[in-house]
Every structure is written in structure tokens, then in C-alpha cells.
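All remarks here apply to the structure that follows.
The values are calculated or read from the model by the stated rules, or taken from the named source; none is laboratory data. Small disclaimer: the values here were computed from a predicted structure and weren't measured. As a convention, Cβ positions derive from the backbone with ideal geometry for all residues, glycine included, and neighbour counts pool all protein chains shown.
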Amino acid sequence: MNEPFLLSNLIDLQDIDNEITKLITKKSEGKTVLELKNLEQKYKEVTKAIEISKLAMEDYFSDKKDFDKKLLENENKLSSIEIKLQDTKLNASELQNYNLQKSNVQLVIEDIFKSIDLLNSNNKEGLIEIENFQNQLSSLKPKLVEISKTLQTEWKDIDSKMSQQEQEKSNLINSFPDEIKLLYDELKSQGVEIIAAYKNDTQCGCCGVSLTSSEMDNIQESKFQQCPYCQGILV
């Protein structure tokens, strides 16, 4: 049980666990993940800013909607009149009537466009602000797509590496006696930072505390060769 090979394998197990932890951290807190989160946060902020700007211009959008509706109605009227004017069977009176209707509708359409221009002019600053925000969203969208694709590729690579590490860990643990497995899990659950390390002269390789010759002897004679200060296992 206290054979150097077994304890060395314990260090190897710790190294694999550390690598798995790094991979998990990279998947949740890596550079690309943080970059994507920042972009998503910026996108939400700009979207919210647009909502606030539009809410402040609620009267403008209501009036614009009414004008657009009237414009569409009159453009449809004009189109209908022009179709009727193409009828070669119209008499002079009918032709004059439809031309008069056409002229009146065209005047109405011109007035609507003037009203829309005036409405836009009176709300120019707000419209420019919204346009700027929308341009920001347009520039953010391709970046979000690009970073998302990059992240998916990175995660796929991380998952592959984690699978390999987990397999190595499983193979290694299966070679350990049950009491060593329990000891490792217990130390890990207790938050021992370095569970196993090589001796460094008279210092603990796990916590760096200087050990007396008596303490070193006691460690060598103990069942699991643990440091009395950090409980780390000395190989």
C-alpha cells in the first residue's frame, strides 16, 4: 500500500483531476465564453435602449402608423383608378370623372407624404438615436454568430479531452485499493489543496512546511505517509 509506485499513481490521479478541473473552468469561464457573454450583455443593453427610445416616441409611432395606413389606402385607390382608366370603353364623362378622382387622390397622397416628412423632421433626433442603436445591433449580430460558432468548436474539443481524461482517471482508480480510493476522496472533500506530492528534503511537498527529523520519521512510519499539518500524502 505504501509502495512508491502506488503513491506515485496517486500523484498522477491528482494531476488528471486538476486537468479535468481546468477543462471544466475553461468551458464555463474561458476567454471565448467571456467574450460571448460580453457581446450578449451589450446586445441586451442596446435592445433595451431601443425599447426605451421607442417608448419615449410613442406618439410619433402612433401618428406614423396612421399616416402609413392612409397612404396605403390612397395608393390602393390610385391603383384602382388607373386600372379603370385603361378601359377603352369609357365615355368622355366617365374619363373626366376618373381623371378628377385620380388628381384628388394624388393630392391627398402628396399631403400625406408632406405630413410624414414634417413628422420625421420634428422627431429627427429621436429617429437618429434609434437608427444608431439599430446599427449597433446590426454590427453585433455577425460577431455573436461568429463567436458562438467558435465556442461550439472549442466545447467540442474540450468535451473530447475531458472524455479522454475521465477514461484515464477511471483506469487509474481501478488499480487502487479501496482504502486508497476512500482516502483520496476524503481528502478531496475536505478541501486539501495538494493531496499528494514528492518529499522536498525536510519540507512537505504539499504545504511546504519544514518538518523535523522526528516528524519525517513519523510520516514514514504512518499508514498513508500523511503530513501532520496539511494531511497531504508524501511520496
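Does any residue of the range 71-94 turn out to be closer than 30 Å to residue 154 by Cβ and part of a helix (DSSP H, G or I)?
No, the range 71-94 has no match at all.
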Next on the checklist: I'd like to verify a number: residues in the range 160-175 that are touching a residue at least 60 places away in the same chain (Cβ under 8 Å) and either part of a helix (DSSP H, G or I) or among the aliphatic types (A, V, I, L, M) (or both), how many?
Outcome noted: 8
Checklist entry - With respect to the numbered conditions (1) surrounded by fewer than 16 Cβ atoms within 10 Å (Cβ to Cβ); (2) in a helix (DSSP H, G or I); (3) not polar (S, T, N, Q), which one is the sole condition not fulfilled by residue 151? => result (1)
Checklist outcome for this item: Residue count, the range 178-198, condition over 19 Å from residue 22 (Cβ atoms) and in contact with a helix residue (DSSP H, G or I) (Cβ under 8 Å, 6 or more places away or on another chain), comes to 3
Item to check | Hits in the range 191-210 (condition: over 18 Å from residue 11 (Cβ atoms), at pLDDT 90 or above and either surrounded by 16 or more Cβ atoms within 10 Å (Cβ to Cβ) or of a type outside the set (A, V, I, L, M) (or both)) | outcome: 210
Item to check | Considering residues of the range 35-81 that are among the small types (Gly, Ala, Ser) and out of contact with any helix residue (DSSP H, G or I) (no Cβ under 9 Å at 6 or more places or on another chain) only, the residue nearest to residue 144 (Cα to Cα) | outcome: 62
Checklist outcome for this item: Those residues of the range 90-117 which are free of Cβ contacts under 8 Å to residues at least 12 places away in the same chain and farther than 14 Å from residue 73 by Cα amount to 90, 91, 92, 93, 94, 95, 96, 97, 100, 103, 114, 117
Item to check | Residues located in the range 68-107, provided they are closer than 30 Å to residue 123 by Cα and surrounded by 15 or more Cβ atoms within 10 Å (Cβ to Cβ) | outcome: 70, 71, 74, 77, 78, 105
